[in-house]
Amino acid sequence: MNPFNRLLVVFGCLVLGFLPGQAQGVLDRSVSVQCIDRPIASVLSDIESRYQIFFTYSKNYIPVDKTVSLQYRQSPLREVLSHMFATTAVVFVETRGKVILKIDPEKEEELRQISLYEEVRKRQEALISARKKEKERLRLNPMAHQTKNYPESTGGQVSREIDWEKYQFPPLPQDTLEEDLEPLPDMGMETKIAQVSVFPFLGSNGVSSNEVVNRFSFNIFWGMNGGVDGLEAGLFFNSIKNNVVGAQLAGMGNTIGGDLEGTQVAGLFNVVMGEAAGFQGAGLFNISPRSFSGVQVGGVFNIANSSSSAIQVAGLMNAGMGRTGTQVAGLFNFAEEVQGFQIGGLLNVAKKVKGSQIGLINVADSLSGVSIGLLNFIKDGYNRAEFSVNETFFGNFSMRIGVQRFYNILYIGGRFDNVSESGATASRQLNLSWGLGYGIGTGITIGSRNNMLNLETILIHVNEQEFWTRSLNLWNQYRIGFDFQTGAKTSIFFGPSMNILFSNKIDSDYNILGSNIMPYTFYDKTKGRTNVKMWVGFGAGVRF
């Protein structure tokens, strides 16, 4: 989905109060997974990175440290997850375009009963084995056992019989087995409809407030609770030990020790220490040090760590320490990987951009879209150095930085003029005319991938026979260049140009208004104090 459409969808959800909705088809998407004894957390992270399928879960409940071995090729995600969590109590559902992992109490109890049955079976097998060993020992040494005396027979002989009852191992009672088994930890928390507090542990839930999940929570000054499954509102601060599902609203600040699925709005700051999915809005800053999917809106800055599909909007700075979505900031944006847009007033920095950058200065290792700014530094982009000549300046050097679709041009060039030695001002003149310029361009691949058509515009301030010309002397050049690859890193180019020069420069010796650097003109007009000259030129050079 287009990043701006995603932004529109998310804000639409906010306006509608986060009406429940469910993304369709996520569990039916085909994925390929191949691993041996790999942690579940690593497998899930790989699926997120490769297929843009995002998971929400808590490490406190989901056994993501457990290792699995999988081999699937273009199989439904549902089938892969079923195999992955087959021996656990984990179930999965898809909602709002992501997959939520949670513990099913019924499945957990079923697994506990299975474990109990296996324990009984193992103990029974141990008892049977012990009885067989005892019988074999007695067979080899018949006198090494107690006997019962029976009346003598007619022949006067004594009959002896082994007392096998001594070796009957009574089965262990079922209730004893259950007591011997270590019980599974109780991961649940008490849930209450509502609570009211003044300060932490000073409220309706008392000293156990951080062990209680509330459907509705209201904190006058500062509240500390175990979790929220609904709504929490506070005049100043709200603190949650574990997770929030729903909304958390505070006049000053919200903190969550676990995960967020819903909305955080505060006058100053929001902090989520676990994973977050939803919306964070604060007057100063929002921080989510783990994965975040949704929208962060901060008056000063936003920080989202690890993998993220967040849309970050801040007055000053956004930082996405892992993968992030669209970033919009008044000054700075920083991200490891961007999937969308980076729009910053001053600086955008990212390693990998699957989208575009718009800012005064843009920096990236790689970029799939365009980088629009005054300076664009793309490590794997369209970076060229050029030496050239043209009809006006006989020595020119320029740098091209950015990407082929849109790049910047940094230019310097000049020529030496023949200046008469006579005249009162000759000693004060230089015989060098030179210019500094900046331009933009785009490259269009033609025929072979090695050949290109360049369309460029360059603005050059011309210093005409002096170190610096203070008056307007602006040379506008519009170029069409044909670039032909001659080596792995070299090419030659040539092409025509349309030139327009606007000048307020006055030659005091000859009382002439306008520049005189061009070889000829087909248009020369003066309006007021500005002279305009036009000519067609030609340039050629080498790039590498």
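The values are calculated or read from the model by the stated rules, or taken from the named source; none is laboratory data. What you see is a predicted model; the values in this text were computed from it and never measured. Don't worry about glycine lacking a Cβ; one is built from the backbone with ideal geometry, like all the others, and counts go over all protein chains shown.
For segment 22-61, name all the residues that are in a strand (DSSP E or B) and within 19 Å of D259 (Cα to Cα). So that I can check it myself, show each step before the final result.
Of all residues in segment 22-61, those in a strand (DSSP E or B) come to 30-39, 54-56.
Those that are in a strand (DSSP E or B) and within 19 Å of D259 (Cα to Cα): F54, F55, T56.
Among residues belonging to segment 319-333 that are among the β-branched types (V, I, T) and in a strand (DSSP E or B), point out the one that is surrounded by the most Cβ atoms within 10 Å (Cβ to Cβ).
T324
Suppose we filter segment 86-126 for residues that are in a strand (DSSP E or B) and in contact with an Asp or Glu (Cβ under 8 Å, 6 or more places away or on another chain); how many remain? Explain how you work it out, then say what you get.
Just the residues of segment 86-126 that are in a strand (DSSP E or B), to begin with: 90-95, 98-103.
Narrowing the set further to residues that are in contact with an Asp or Glu (Cβ under 8 Å, 6 or more places away or on another chain) leaves 90-91, 100.
Qualifying residue count, segment 86-126: 3.
Of all residues in segment 340-351 being in contact with a Gly (Cβ under 6 Å, 6 or more places away or on another chain) and in a loop (DSSP other than H, G, I, E, B), which is surrounded by the most Cβ atoms within 10 Å (Cβ to Cβ)?
Restricting to residues being in contact with a Gly (Cβ under 6 Å, 6 or more places away or on another chain) and in a loop (DSSP other than H, G, I, E, B), the top hit is G340.
Among the listed residues T526, T457, which satisfies the condition of being hydroxyl-bearing (S, T, Y) and closer than 25 Å to L374 by Cα?
Checking each option against the conditions leaves just T457.
Here's the yes/no breakdown for (1) modelled with pLDDT of 90 or more; (2) of a type outside the set (S, T, N, Q):
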{"residue": "M189", "(1), (2)": "no, yes"}
{"residue": "S209", "(1), (2)": "no, no"}
{"residue": "N214", "(1), (2)": "yes, no"}
{"residue": "M224", "(1), (2)": "yes, yes"}
{"residue": "G230", "(1), (2)": "yes, yes"}
{"residue": "L235", "(1), (2)": "yes, yes"}
{"residue": "A247", "(1), (2)": "yes, yes"}
{"residue": "V265", "(1), (2)": "yes, yes"}
